[in-house]
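Each remark here refers to the structure printed beneath this line.
The values are calculated or read from the model by the stated rules, or taken from the named source; none is laboratory data. Just so it is clear, the model here is predicted, and its values are computed rather than measured. Here Cβ is always computed from backbone atoms with ideal geometry, including for glycine, and neighbour counts include all displayed protein chains. Each accessible area value is taken on the protein alone, full model and side chains, heavy atoms only, with ligands, DNA and RNA left out. Shrake-Rupley method; radii C 1.70, N 1.55, O 1.52, S 1.80 Å.
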Amino acid sequence: MDQLNVKSVDKAYGGVIANHDVSLTVPEGKIVGIIGPNGSGKTTLFNSIVGHHPIDSGEIHFNGKEISSLTIPQIARLGMLRTFQQTHIYGKMTCVQNMQISSDIDANWKRIFNPFSKEVDEMVDELLAFVGLYKKRFLLAGDLSFGQQKLLEFAMALMKKPTILLLDEPTAGVNPTLINGLIDRLRQVNEEKGITLLVIEHNMRVIMNLAEHIYCLANGTMLADGKPDDIQNDQRVIDAYLGN
Amino acid sequence: MITNNKQNMLIWIGLAISAVVPLLLPNYITVLTYIWVMIILALTWDMLGGQTGYTSFGNILFFGVGMYVSAVVQRDMFSSGLDRFERVSEIVVNLNASEYFVSLAVGTLAGAIVAVILAVILGSGILGMRGHYFAICTLGLGHAAAEIASGIDYIGAGSGMVTPIYPGELALSKEAFYYYAFMLFAIVTFFLFRKIYQSQFGLALNAIRDNENKAESMGIHTTQYKIAGWSIAAFFLAIAGAGVGNVIGFIDPVEIAFSGPTFGVWMIVMAILGGKGTIWGPVLGAVILYSAKETFWTYLLGWDKVALGLLIVIIVVYFPKGVLGYFKERKQLSNSILSQKGEG
């Protein structure tokens, strides 16, 4: 079944057409990649999907439900979360606090004036250990290195128990050793927790290894899609990247 | 970090001293009362200003609303309606002890409820705005309220109104009653706010301060949390306002109830001086600023405002994050150095 279905979405900023007639489908439980040169409209597409801005035309269905008119928190609560290209973390709070506040606090709003429950704290420890930040859990998140902040942001997203994660360049700015660990963990959450992943990535080695299906955007339109091997050998994709 | 238990022990020692001081220094009792008032003002301002990072210049609105609503209830609850030929500002109501305290309690609660309703209505309108836009929007609130209050005859318009006279037959003097009432209320406020800041709600406020976009994208309904935070602050601030109106005995819309240049600015300065975003910062800031203000006024009359300004400049330059923020930052720095050493 298609978990996420984007149908001919248009989005323009004034006269600049960022997305034109973009469609894609993400089947449940799969890893799907989006590639494309800088400025091709990948992040705009993400922003459209998660409700960051209204779209000009088109439809976005999530689990069969039209979501293009919902707000960011509403969509997030349906189980779709995104991470950012530049890390977005709560810098003046410790890693543990970053994780705690990422738990579903509204689910039990009667306890809102109580401290976090034991289950939440256990989940925090478990996920921090999973991304390898357990030792640094009492440091301020703002003091972590960029790569560690990316890991933290990833772990924070997992706290919400999402069904689909939209990752915007998860490996950008992360050192090569950490990248391998990150890929393993992405695969692990996909296989073990069954979380669908939609990944924007510039690192070709990473995306070709990770994704089962790849979409290529160029100049705001969908240029090609297919299996990693097909995309790699597609002349249009190569031209788009090399600037022909 | 100092644990709650250690903190509580310090608090109890402080309270024991505070409870005895007015007996030893009866002449200073009103000044000491105001220190408790200032602590409440700074604590309530910090809920939005420090913990959530939303600077509000309009919190004085809730202070004045609490003061007026309470005064009206106290005036009208046990006495027949207004004589339309009487000048409202000259009406002095004499109540017996039980009437006085019942109307005070009912009035205070009514003031707090009206303030919360106002906070919810105003908050829904302007708390959707981010950061500076919200700050600018709140600038006019206190001033507008003063203008409106100056035009309502029922509350004495520009001439203000008088709160009921404290019943004379009691053993406990008016000054002592309000000293202990404010002391108790400041303690309740402190402990409740500390509990709030250590709860899920408090962490949500901090998340909004650190990165509101992220909080939103993680499914936190940020505007609702901001409104809730402001409402809690409004509730406690209005109660303080109701009490201050009775301590002074006279309410004036511009100089007392909605007095931006005094209470309105002090609450912000105190929270920032002590260290905004901490529970002890506003308390410390309130004690420092108000003590300094009274000392300067006593010994440097004429130059007192200059001295106070100088003190604020010195603290802003050397402790930009407030006295407590300065120490907190040093502690965190040493923590992170230690943990890096431990790793290497």
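Descriptive notes on the structure:
- No other residue among B:LEU172, B:LEU184, B:LEU203 is open to solvent by 20 Å² or more (accessible area, probe 1.4 Å) and either within 14 Å of chain A (Cβ to nearest Cβ) or part of a loop (DSSP other than H, G, I, E, B) (or both) apart from B:LEU172.
- Within the range A:132-160, tally of residues that are farther than 18 Å from A:GLY91 by Cα and either more than 12 Å from every other protein chain (Cβ to nearest Cβ) or modelled with pLDDT under 90 (or both): 2
- Any pair with Cβ under 6 angstrom, 6 or more apart, that starts in the range B:289-309 at a residue that is within 20 Å of B:LEU41 (Cα to Cα) and ends at one that is open to solvent by less than 60 Å² (accessible area, probe 1.4 Å) and of a type in the set (Phe, Trp, Tyr): B:LEU308/B:PHE296
- Scanning the range B:291-306 for residues that are open to solvent by 20 Å² or more (accessible area, probe 1.4 Å) and part of a helix (DSSP H, G or I) yields a count of 11.
Residue-wise test of (1) without any contact (Cβ under 8 Å) to a residue 12 or more places away in the chain; (2) closer than 30 Å to A:GLN86 by Cβ.
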position: B:ILE155; (1), (2): no, no
position: B:THR163; (1), (2): no, no
position: B:PRO167; (1), (2): no, no
position: B:TYR197; (1), (2): no, yes
position: B:ASN211; (1), (2): yes, yes
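- Single residue of B:ILE256, B:ILE248, B:ILE279 found to be farther than 25 Å from B:ASP153 by Cβ and out of contact with any Ser or Thr (no Cβ under 7 Å at 6 or more places or on another chain): B:ILE279
- Condition check for A:THR83: open to solvent by less than 20 Å² (accessible area, probe 1.4 Å) and either at the interface with chain B (Cβ under 9 Å from one of its Cβ atoms) or modelled with pLDDT under 90 (or both): yes
- Residues in the range B:210-227 that are more than 7 Å from chain A (Cβ to nearest Cβ) and out of contact with any Leu (no Cβ under 8 Å at 6 or more places or on another chain) were compared, and the one that is surrounded by the most Cβ atoms within 10 Å (Cβ to Cβ) is B:ALA215.
- For B:ASP46, the conditions (1) out of contact with any Asp or Glu (no Cβ under 6 Å at 6 or more places or on another chain); (2) surrounded by fewer than 24 Cβ atoms within 10 Å (Cβ to Cβ); (3) within 23 Å of B:MET183 (Cα to Cα) are fulfilled apart from (2).
- Of the helices (runs of 4 or more DSSP H) lying entirely inside the range A:138-244, those carrying at least 1 residues that are open to solvent by less than 30 Å² (accessible area, probe 1.4 Å) and among the polar types (S, T, N, Q) are A:146-159, A:176-192.
- Test: residue in the range A:40-47 that is within 11 Å of another protein chain (Cβ to nearest Cβ), closer than 20 Å to A:ILE214 by Cα and either open to solvent by less than 70 Å² (accessible area, probe 1.4 Å) or at pLDDT below 90 (or both): yes
- Output for the range A:1-21, where each listed residue is touching a Phe, Trp or Tyr at 6+ places or on another chain (Cβ under 9 Å) and open to solvent by less than 10 Å² (accessible area, probe 1.4 Å): A:GLN3, A:LEU4
- Filter pass, A:ASP121 being more than 9 Å from chain B (Cβ to nearest Cβ), of a type in the set (Asp, Glu) and over 20 Å from the mean Cα position of the chain (by Cα): yes
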